[in-house]
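Quick one: the structure is below, and I'll ask about it shortly.
The values are calculated or read from the model by the stated rules, or taken from the named source; none is laboratory data. No experiment lies behind these values; they were computed from the predicted model shown. With ideal geometry, Cβ positions are generated from the backbone for all residues, glycine too; neighbour counts draw on all protein chains shown.
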Amino acid sequence: MNRADLKIVIVGRNGQLAWEANQRFQGLGRIICVGRPEIDLLDINGLREEIRRIRPSIIVNAAAYTAVDQAQSEPEVATKINSEAPAAMAEEAKRLDALFITYSTDYVFDGKSATPYRESDPTAPLNVYGASKLSGEQAVEAVGGNYLIFRTSWVYGARGKNFLKTILKLVAERPELKIVNDQMGAPTWSRDLADATRKIIEQLAARAESENISISETLGDRRGIYHMTSAGSVSWYGFAAAIVEEIEKRGLSKSALAELVPIPSSEYPTPAARPHNSRLCNEKLKNAFGVMLPAWRESLASVMNELG
Ligand SMILES: NC(=O)c1ccc[n+]([C@@H]2O[C@H](COP(=O)([O-])OP(=O)(O)OC[C@H]3O[C@@H](n4cnc5c(N)ncnc54)[C@H](OP(=O)(O)O)[C@@H]3O)[C@@H](O)[C@H]2O)c1
């Protein structure tokens, strides 16, 4: 296929990843953003019609129901958005011979392993959100088209609601902040996810052009699930401490900021249980596509520079 014919639909508009993908994919081909208010993922027929009308060569689903605690009381809505909608997108992609890319989560695992999870490790979600995302993975696989599912973790960035933004606000307001110290994972910058996805699309597009085949066909036996997180890992407490370090570097004295107190998860009960080990091994992604995300600590500094 000719590179100029590449038509990419990004589902999602103002979400952390959706917004970055909309910015970072510019120049890749024709980028079309599909999101609320015109398209609601709860209206699956409307979503299908829109995809049929656009006839993309790639669908990137950056939308999801991500309110982890709220999902406990809204399992039907979470499942519709995180499972039925991606399954419908995968079906439409298959009909159009398009590539389908979507994202999943570390919360498909129960976190009981002592080592970083591999794609082949057994899943056992602890909460409704994780179960709805797992159901989405399985539904997309069952469609049997050409798809990539990137499981990521602890997504944050300069925009949107996330841990970084919450800590920045609270350290300036409170004398003390208690932060969980027994959940380990990789904070992953939404922009790094968008850039890694772009690199993969570029590789596939180059091959599609040189072999004169569809971008979907270039995937071959590389279709499947991949872990895609920042390099390294840290606890939520460690992440908060690094944020405070970055604030101090920018001239604010520690005495003006909340004191951080590490606590176990048992002292911070939430409606949805979370895994203690959220670490994902990214080797499969590196071997298949030669793509690695920067270290979480490096990306945190970049986001803080952007925030000024
Ligand atoms: N956030 C995390 O910590 C995290 C961790 C692991 C995996 N992930 C996965 O990473 C991906 C990106 O997450 P994110 O952090 O970028 O999510 P986010 O910031 O919460 O954004 C969610 C996006 O989904 C859209 N959306 C939600 N319900 C919708 C509906 N009914 N109809 C249409 N659009 C709808 C939102 O639209 P509006 O802009 O209109 O609100 C928004 O664009 C998701 O697959 C998520 O499951 C996230």
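Under 6 Å between Cβ atoms, at least 6 apart or on separate chains: pull out the pairs that start in region 156-171 with a residue that is in contact (Cβ under 8 Å) with a residue 40 or more places away in the chain and charged (D, E, K, R) and end on any residue that is near the ligand (Cβ under 8 Å from one of its atoms) and outside any loop (DSSP other than H, G, I, E, B).
Within 6 Å, the pairs are 159/19.
If residue 67 meets every condition in (1) within 12 Å of the ligand (Cβ to nearest atom); (2) among the aliphatic types (A, V, I, L, M); (3) buried (at least 23 other Cβ atoms within 10 Å of the Cβ) apart from one, which number is that one?
(3)
Any idea how many residues of region 295-307 are surrounded by fewer than 19 Cβ atoms within 10 Å (Cβ to Cβ) and at pLDDT 95 or above?
Adding up the residues that qualify gives 5.
Right, next: For residue 171, state whether it is under 30 Å from residue 112 (Cβ atoms) and β-branched (Val, Ile, Thr).
no
With the condition kept exactly as written, say whether any residue in region 118-138 is part of a loop (DSSP other than H, G, I, E, B), closer than 18 Å to residue 234 by Cα and within 14 Å of the ligand (Cβ to nearest atom).
Scanning region 118-138, I find no residue that is part of a loop (DSSP other than H, G, I, E, B), closer than 18 Å to residue 234 by Cα and within 14 Å of the ligand (Cβ to nearest atom), so the answer is no.
When you scan region 209-216, do you find a residue that is outside any strand (DSSP E or B), charged (D, E, K, R) and over 18 Å from the mean Cα position of the chain (by Cα), even just one?
Checking region 209-216: at least one residue is outside any strand (DSSP E or B), charged (D, E, K, R) and over 18 Å from the mean Cα position of the chain (by Cα).
Any residue at all in region 91-103 that's within 18 Å of the chain's Cα centre (by Cα), hydrophobic (A, V, I, L, M, F, W, C) and assigned to a helix (DSSP H, G or I)?
Checking region 91-103: not a single residue is within 18 Å of the chain's Cα centre (by Cα), hydrophobic (A, V, I, L, M, F, W, C) and assigned to a helix (DSSP H, G or I).
Looking at region 1-56, which of the residues that are among the small types (Gly, Ala, Ser) and more than 23 Å from the chain's Cα centre (by Cα) is modelled with the highest pLDDT?
Among residues in region 1-56 that are among the small types (Gly, Ala, Ser) and more than 23 Å from the chain's Cα centre (by Cα), the one modelled with the highest pLDDT is 46.
Continuing with the same structure: May I ask you to list the residues in region 139-159 that are under 18 Å from residue 106 (Cβ atoms), within 9 Å of the ligand (Cβ to nearest atom) and out of contact with any Pro (no Cβ under 7 Å at 6 or more places or on another chain)?
150, 151, 152, 153, 155, 157
Determine which single condition residue 27 fails, assuming it passes every other condition in (1) within 16 Å of the ligand (Cβ to nearest atom); (2) over 25 Å from residue 142 (Cα atoms); (3) without any contact (Cβ under 8 Å) to a residue 40 or more places away in the chain.
(1)
Another question, then. Would you mind finding the one in 38, 84 that is in contact (Cβ under 8 Å) with a residue 40 or more places away in the chain, within 15 Å of the ligand (Cβ to nearest atom) and not hydrophobic (A, V, I, L, M, F, W, C)?
Going through 38, 84 in turn, the sole match is 84.
Can I ask one more? Only one of 43, 69 is without any contact (Cβ under 8 Å) to a residue 24 or more places away in the chain and not aliphatic (A, V, I, L, M). Can you tell me which?
Within the list 43, 69, the selection yields 43.
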